1. Kindly provide the set of residues from the range 22-46 that are at pLDDT 90 or above and either of a type in the set (Phe, Trp, Tyr) or exposed (fewer than 15 other Cβ atoms within 10 Å of the Cβ) (or both), ordered by number.
2. As an exercise: evaluate ILE81 against (1) modelled with pLDDT of 90 or more; (2) over 30 Å from SER130 (Cβ atoms); (3) in a helix (DSSP H, G or I) and give the number of the one condition it does not meet.
3. Under 8 Å between Cβ atoms, at least 6 apart or on separate chains: pull out the pairs that start in the range 152-170 with a residue that is within 23 Å of SER254 (Cβ to Cβ) and among the polar types (S, T, N, Q) and end on any residue that is open to solvent by 20 Å² or more (accessible area, probe 1.4 Å) and in a helix (DSSP H, G or I).
4. Taking the conditions exactly as written (buried (at least 17 other Cβ atoms within 10 Å of the Cβ) and either among the acidic types (Asp, Glu) or modelled with pLDDT of 55 or more (or both)), does SER157 satisfy them or not?
5. Mind listing whichever residues of the range 211-242 are of a type in the set (A, V, I, L, M, F, W, C) and either modelled with pLDDT under 95 or open to solvent by 10 Å² or more (accessible area, probe 1.4 Å) (or both)?
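The values are calculated or read from the model by the stated rules, or taken from the named source; none is laboratory data. A quick note: this is a predicted structure, and the numbers were derived from the prediction, not measured. We place every Cβ from the backbone using ideal geometry, glycine too, and count neighbours over all the protein chains shown. Keep in mind that these areas ignore ligands, DNA and RNA; they rest on the heavy atoms of the full protein, side chains included. Shrake-Rupley method; radii C 1.70, N 1.55, O 1.52, S 1.80 Å.
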Amino acid sequence: MSEGATTGPRRNSAGLARDIEILELLGSPEATQNGGLGVSRLAKMAGRDKAVVSRVLTTLHESDLVERDPDTLTYRLGSRIYALAALTAEATLVRQSRIQLRRIAHETRETAHLCVLRGGNVLTLLSELSPYEFHTTGWEGVTTAAWRTPSGRVLISDLDRAAIGQWYAEHGHDAAIMSAHRPAAAMPSPFAVLPEPAAESARVVDLESLLAEVDRIRRAGFAVSDEELERGVVAVSAPVFDFNDRIVAALNVSAPKARVGGQLDTLARYVARAAREVSAALGRPG
């Protein structure tokens, strides 16, 4: 057998490209509006033979990349496509955010975090520590009650008022400060975690004040916190949007108040720009 010969059929790149075309057609507005497309319509749109398209759909269906409606006999994108898309989006979110967190920590010399919402809590996925010896700690794997934090308020800021009301009714009295699984190495801190928001600086104490704070976040594009969670600590957060223009994460910077001083809004605008760059990488329109 000559070098490079194969022992069986091999799909070429053109064949793969044609299969991808079918998947793209099933993701088209027409397919979405009609709940799927039939073989004949797909063949016409692709300019291909109906029998060939049928075989392609059978293969894609066997791989769970498309689903077939048993009643209408139309095809739509399958669950595996959405699972792969979610993995891709999450991987891109982490990769792009890591780049931005490192840049933020380097340029501001303060600790930066990537946060996501988990029910009533904010979970920190990534942290990049400030190069200063005296800095806030990394909170990777730590959860905090979302209503108490600027990141949590950012993460619910694309919900409507009714949805925020429902969320607050369920989670607005959560008092958890941190996960029981917080790594031991992350525990030492020169700052005191407050059991309740400091009364003189609390922005959110009830549903009405939460709604007012969300309105401020929407107008400004960021959230700030001044010694609400930790004595002597300030923080800013900005939303990260995905390709559906939904908030999927928040970039956050926390720092000793003595170092940030009166530059909290300036820091917040800087973090908001970084969050917009991550959003663009995730395919946010516009």
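1. SER40, LYS44
2. Only one criterion in (1) modelled with pLDDT of 90 or more; (2) over 30 Å from SER130 (Cβ atoms); (3) in a helix (DSSP H, G or I) is unmet by ILE81, namely (1).
3. Filtered contacts from the range 152-170: SER157/ARG218.
4. Details: buried (at least 17 other Cβ atoms within 10 Å of the Cβ): yes; either among the acidic types (Asp, Glu) or modelled with pLDDT of 55 or more (or both): yes.
Yes: the conditions hold for SER157.
5. Taking the range 211-242 as the starting set, the residues that turn out to be of a type in the set (A, V, I, L, M, F, W, C) are 211-212, 214, 217, 220, 222-224, 229, 233-236, 238, 240-241.
Correct list: LEU211, ALA212, ALA220, PHE222, VAL224, LEU229, VAL233, VAL234, ALA235, PHE241.
Residues are listed down the side, and each one gets a yes or a no for (1) buried (at least 20 other Cβ atoms within 10 Å of the Cβ); (2) touching a strand residue (DSSP E or B) at 6+ places or on another chain (Cβ under 9 Å); (3) farther than 21 Å from ASP245 by Cα; (4) modelled with pLDDT of 90 or more:
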residue	(1), (2), (3), (4)
ARG76	no, yes, yes, yes
LEU93	yes, yes, no, no
ARG103	no, yes, yes, yes
ALA112	yes, yes, yes, yes
TRP139	yes, yes, yes, no
THR143	yes, yes, yes, no
TRP147	yes, no, yes, yes
